[in-house]
Amino acid sequence: MPRAFELQDETLGSEDFYREDLEDLLQEGAWKEGFNEWAEYTTLDEEQVRIVSDLGLFQAFDFYWDPTEDRLRIDSPTIPDDWRERDATESLSSSTVSLIDGELDDLGRAVQEVLEDYLERDDEASDYGWSEETYDEREE
């Protein structure tokens with residue numbers, strides 16, 4: 001289950017977060033396009049980006065379709081609570097951890113915007129039109 005998702009009676013049992021479909025779009029270029037846009041304005045330096053990479057945080061983003069709100073959502077990763085015990089993050093101050101967490105949120109939003117563009121472009125010609133009508137048809 002996504003972190004921010006709350007089960008509701010009207011959707012119980014029909015949650016389809018479309019993660020595989022979203023992963024396909026990310027691999028088709030949405031991740032690269034969003035990442036490159038974010039990289040142009042991020043305030044993270046090379047060392048901080050290496051730390052994010054070493055901690056596997058770039059792979060920890062969770063993009064999913066929220067059927068209760070009928071929209072694309074994201075759970076962005078954060079620096080782990082035990083960051084002081086990890087070798088890769090020995091040099092991080094609390095303010096740097098906050099900066100990195102904020103930049104990860106920005107990256108997630110940049111990629112989410114690209115994914116939404118991909119979904120809008122593909123809406124008419126693909127299975128990615130996950131609107132209320134889609135759910136209504138599946139319940140019949």
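Among the criteria (1) at pLDDT 90 or above; (2) touching a Lys or Arg at 6+ places or on another chain (Cβ under 9 Å); (3) among the acidic types (Asp, Glu), the one GLU103 does not fulfil is (2).
Can you tell me which residues in region 40-58 are exposed (fewer than 14 other Cβ atoms within 10 Å of the Cβ) and either more than 16 Å from the chain's Cα centre (by Cα) or modelled with pLDDT of 95 or more (or both)? Give the steps one after another, and end with the answer.
Here is the first cut: in region 40-58, the residues exposed (fewer than 14 other Cβ atoms within 10 Å of the Cβ) are 40-41, 43, 45-47, 50, 53-54, 56.
Across region 40-58, the qualifying residues are GLU40, TYR41, THR43, ASP45, GLU46, GLU47, ARG50, ASP54.
If only residues of region 73-82 that are out of contact with any Leu (no Cβ under 6 Å at 6 or more places or on another chain) and not acidic (Asp, Glu) are counted, the one that is surrounded by the most Cβ atoms within 10 Å (Cβ to Cβ) is ILE79. Across region 106-135, the qualifying residues are those that are at pLDDT below 80 and among the hydroxyl-bearing types (Ser, Thr, Tyr), and the one among them that is surrounded by the most Cβ atoms within 10 Å (Cβ to Cβ) is TYR128.
The values are calculated or read from the model by the stated rules, or taken from the named source; none is laboratory data. This is a predicted model, so every value here is computed, not measured. Heads up, the Cβs are rebuilt from the backbone with ideal geometry, glycines too, and the neighbour counts pull from every protein chain shown.
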